[in-house]
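Encoded as structure tokens, the structure appears first; notes follow it.
The values are calculated or read from the model by the stated rules, or taken from the named source; none is laboratory data. Note that the structure is predicted; figures quoted are calculated from it, not measured. So basically every Cβ, Gly included, is an ideal-geometry build from the backbone, and we count neighbours across all protein chains shown. Please note that ligands, DNA and RNA were not included when accessible areas were found on the heavy atoms of the full protein model with its side chains. Shrake-Rupley method; radii C 1.70, N 1.55, O 1.52, S 1.80 Å.
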Amino acid sequence: MVTSPLSFTALPLFAAQLDNLSTLGYQAMTPIQAQSLPLILEGRDLIAQAKTGSGKTAAFGLGIVHKLDPSVYSTQALVLCPTRELAEQVANELRRLARAVGNVKILTLCGGTPIRPQVESVKFGAHVVVGTPGRLMDHIERSTVDFSSVHTLVLDEADRMLDMGFYNDVAKVVAACPGSRQTLLFSATYADDIRKASARFLKKPAEIKVDAVHDAGQIEQRFYEIDADRRHAAVAQLLEHFRPESTLAFCNTKAQCRDLAQYLESRGFSALALHGDLEQRDREDVLIQFANRSCSVLVATDVAARGLDIDALDAVINVEITPDPEVHVHRIGRTGRGQDKGLALSLCAPYEMRWANQIEQYQGQAIVWANPKSLKPAPGGRLRAPMVTLCIQGGKKDKLRPGDLLGALTKDAGFAAAQVGKINILEFVSFVALERGMAKDAYAKLSAGNIKGRRFKMRFMAEV
Ligand code: ADP
Ligand code: MG
């Protein structure tokens, strides 16, 4: 099973919240949620831009609710919205997300209604306040609210708030919150002046942008800045975190390919190298094992991968950034075909930054930088290919056909057909993919019995 990067389960959320999300019918993260939530849950300040209707509310809402302590009766989160209607909508979404943590009081404080009844309800306290800047200002001036315990401050639709001339009010409300807070700024448009105007509200914000015209598309791209000497370890971390079943990992040189495949193999991954120095026969062996799911990571150079026809690649990893942006786009295009969303992960050492910038320009889309520290091994233990390949010293020349091998395994040895994978019969040898759990047993029975009345030598292509 592959943990989709878009599944909420990829996030460090509480089980009750994950249950709640599936009750709400939120099956997968929207692109802006996928990009922002890991950072939000890490506690980073954030400037995020995505078009209307892209699910920004749940992005900051989940961050707020995750940190909320309902047993503490102080205002822990404050959301500023440009209008009363938007504030009501946000409050409703927050109420639905807060169901996961029980009794949470969420209060709206907006203009357009008399202030006196509001003052009364504020007295009872609220865990979360959602309001418009002007009215919040009024409350601050009357000392009817206390924002000194706010740990999350959200400026929703910041572009509109500033357009509507709320800058001074926003600044005063922000000043009423403690300096130690996390600040999240969301907007539908991406204007430089908004960024400049709000810079003083945020601390070292991460910036996220989901393209307004076409969304991130079929391929989810993430870049990780790493030290060059940690490259191999970082590839292992990516694999353990995302657990893709099939990965094509690109290196710029043959030597890098060989080294990385060896490193991964020594760490218990099923990895093979594909590069120009391989004999045609070795190349064939490698490709068969990758296609029959007994190799899960193929480490290749661009040249060796050319003409490679494999579908259903879960992930592409750029172990090194290519100096040619066109090559980058070509590499990542190998994942995310058809209905499936692809995952493209790029490791970038400081000296490769200029190439990353070139890629950014070429794509016309901001690079999403993810924190390598967010890479934690996902549950499931050692990540190994589900199948192993048995090589049998008999092929077409011996008149072997796939049915003969399948028959020997199912009828004679008593295994289920589902435990047997792809069968490739070449001139002199055949390859059978076997489920890892039964492979040794199958080998014992096959080599002790016979196939089509004959005995064949056989061996595993990798350690079982
Ligand atoms: P925005 O603030 O970006 O304009 P909203 O937060 O109002 O967008 O979300 C738009 C709609 O999408 C809402 O009805 C919300 O309930 C829904 N929504 C948000 N996230 C998800 C999700 N992960 N899966 C399904 N629906 C979602
Ligand atoms: Mg919104």
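Give me the net charge for the shell around Thr410: Cβ to Cβ below 14 angstrom, other residues only, Lys and Arg +1, Asp and Glu -1.
Neighbour charge sum, excluding Thr410 itself: -2.
Mind scanning Lys56/Lys373; Lys67/Lys209; Lys254/Lys422; Lys411/Lys452; Lys341/Lys422; Lys411/Lys445 and naming the pairs with a C-alpha gap bigger than 20 Å? The answer is Lys56/Lys373; Lys67/Lys209; Lys254/Lys422; Lys341/Lys422. When Lys209, Lys396, Lys445 are compared by accessible area of protein heavy atoms, the largest-first order is Lys396, Lys445, Lys209, using a 1.4 Å probe. A probe of 1.4 angstrom, applied to the heavy atoms of all protein chains, finds Arg454 with accessible area near 110 square angstrom. When Rg and the Kirkwood radius Rh are both evaluated on Cα atoms of the range 387-460, their ratio Rg/Rh stands at 0.91. Excluding same-chain residues fewer than 8 positions from Lys51, which aspartates and glutamates have a Cα within less than 14 Å of its Cα? By straight Cα distance, Lys51 reaches Asp156, Glu157, Asp159, Asp211, Asp215. Report, to the nearest 10°, how far helix 254-266 tilts away from the longest principal axis of the Cα atoms in the chain, using its own Cα long axis and a range of 0 to 90°. In the chain, helix 254-266 runs at an angle near 90 degrees to the longest axis. Compared with the dominant principal axis of the Cα atoms in the chain, helix 280-291 is inclined by about 50°.
Would you work out which of Ala315, Gly394, Val145 lies farthest towards the positive end of the dipole of the chain? Charges go on Cβ: Lys and Arg +1, Asp and Glu -1. Positive-end residue among those listed: Gly394. The apolar share of the surface of the range 219-374, taken as the fraction of accessible area on carbon and sulfur atoms (1.4 Å probe, ligands and nucleic acids excluded), comes to 46 percent. For the chain, the relative contact order works out to 13 percent when only alpha carbon pairs closer than 8 Å and six or more residues apart are counted.
Rounded to the nearest 10 degrees, the inclination of helix 439-448 to the longest alpha-carbon principal axis of the chain is 10 degrees. Packing here is the average count of other Cβ atoms within 10 Å per residue, and on that basis the peptides 111-122, 150-161, highest first, run 150-161, 111-122.
Counting each DSSP H run of 4 or more residues in the chain as -39500 (n - 2.57), what helix-only mean residue ellipticity at 222 nm follows after dividing by all residues, to the nearest 500 deg cm²/dmol? Intermediate values should be presented prior to the final figure.
Details: 17 runs with 164 residues, N = 464.
That calculation yields -10000 deg cm²/dmol at 222 nm.
Per residue, the solvent-accessible area of the range 387-460 (1.4 Å probe, heavy atoms of protein chains only, all protein chains present) comes to 52 Å².
A straight chain from Ser266 to Glu284 at 0.36 nm per residue would run longer than the Cα-Cα distance by 4.2 nm.
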